[in-house]
DNA sequence: ATGATAACGAGACGTACAGTATCGTAATCG
DNA sequence: CGATTACGATACTGTACGTCTCGTTATCAT
């Protein structure tokens, strides 16, 4: 709510006549969206609420985003994602990264926004066009950790790493979103161990 | 749409005075809900649409279900779930069951209803009370297959089978709901193999 | 300077739909 | 046969999306 109104900052635009769009309003809208996402969740978030929180007219929002959904997707893209941590072993990396990421689920609206976006995409496939690059970027550190695993010889080189990444986050997604479970930090180790070692009995020492 | 109006069928009710609730209307409402779920998906489904499709007044719906959501949950509970198939090996069971189940995802609104319910539960935890027993029943055959695996010696007896079940369905849930991918039947085998064998390189023959 | 242009905040408006309430009617019980 | 309750239909309230129109303000071209 600083007094300075209309800071302009569209310097580089070429043939733009008329008043330039306010970068301040843009930021205020995204900030308000994230705040409300955190406070009331996705389905209770209203565009009117965002406008009033941001001190902005509704038209200013609809001038930049065609509907509520892309706005939320863009705000969602600013939420914390996987953070690359290199501990020297694949199991260590994954456990550290998952533990860290799970903290974000308790301190941000990630846990409510994720399934809401998934639900919306099921009816509105074009949402995927906006959402997919965001999701892809968010899991890149996970893929990087797996690639280090291949380089270290921990993972067979012909492994489908994309599938492996889904295997590792899968149980968390299922429990968090579909079963509504809280995931204790103490569950991370068994989860990673099971995904890395597999469900089948290990016969190495059995003969 | 048989002509027979008001078939009653509350014979056993004790102190019930007045006109009994119509079992026919009850069924027509659930049928219409499932049909519309299939045709337009969850978010575009309206109670007015269900009422008109079922040939029923809105009040008749709200007399039986307190809101749209429990109605949809009950209709959802009638959609096909895992079907227990015993092939003699764990891998065979899982591959057959997943392949079969994936067919349902292309022929019913399961793929849209699932994430919608997940999204709703994130904001409305009491939905879990209704939803959890339904979900639990739906995955029971999966747990049964894993228990057979333990009995056969394919799985170590101290394995967390609940987690193992989440590990197996996890990649499917992630790809289907969050990434919006179609899952080819040819992907089922690699998925099951990776979950059963684990991500780590198998060192058995390596020494 | 000054006029054309376009974004600005505010908010009225149209549409859609959830959920409630009220019709007159119909079915069941005592 | 009268009390009671469900029935289908529909009017109503409230909310929120997305559009539109205000009068105003910032920027560009001349």
(request) Would you tally the residues in the range B:99-112 being farther than 16 Å from residue B:82 by Cα and more than 7 Å from chain A (Cβ to nearest Cβ)? (result) 0
(message) Restricting to the range A:15-58, give me the number of residues that are free of Cβ contacts under 8 Å to residues at least 24 places away in the same chain, within 25 Å of residue A:114 (Cα to Cα) and in a loop (DSSP other than H, G, I, E, B).
(response) 2
(request) Answer with yes or no whether residue A:111 is closer than 21 Å to residue B:172 by Cβ, within 16 Å of DNA strand D (Cβ to nearest atom) and not in a loop (DSSP other than H, G, I, E, B). (result) no
(message) Can you say whether residue B:8 is buried (at least 18 other Cβ atoms within 10 Å of the Cβ), at pLDDT below 90 and within 16 Å of DNA strand D (Cβ to nearest atom), as far as the supplied structure shows?
(response) no
(message) Can you list the helices (runs of 4 or more DSSP H) lying wholly within the range B:136-207 that have 2 or more residues being within 9 Å of another protein chain (Cβ to nearest Cβ) and in contact (Cβ under 8 Å) with a residue 60 or more places away in the chain?
(response) B:161-173, B:188-197
(message) For the range A:16-67: of the residues being surrounded by 18 or more Cβ atoms within 10 Å (Cβ to Cβ) and within 14 Å of chain B (Cβ to nearest Cβ), which is farthest from DNA strand C (Cβ to nearest atom)?
(response) A:37
(message) Quick check on my filter: what residues within the range B:68-98 are over 20 Å from the mean Cα position of the chain (by Cα) and either within 14 Å of chain A (Cβ to nearest Cβ) or within 16 Å of DNA strand C (Cβ to nearest atom) (or both)?
(response) B:89, B:90, B:91, B:92
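The values are calculated or read from the model by the stated rules, or taken from the named source; none is laboratory data. Since this is a predicted model, take the numbers as computed values, not measurements. Cβ atoms come from the backbone with ideal geometry, glycine included; neighbour counts cover every protein chain shown.
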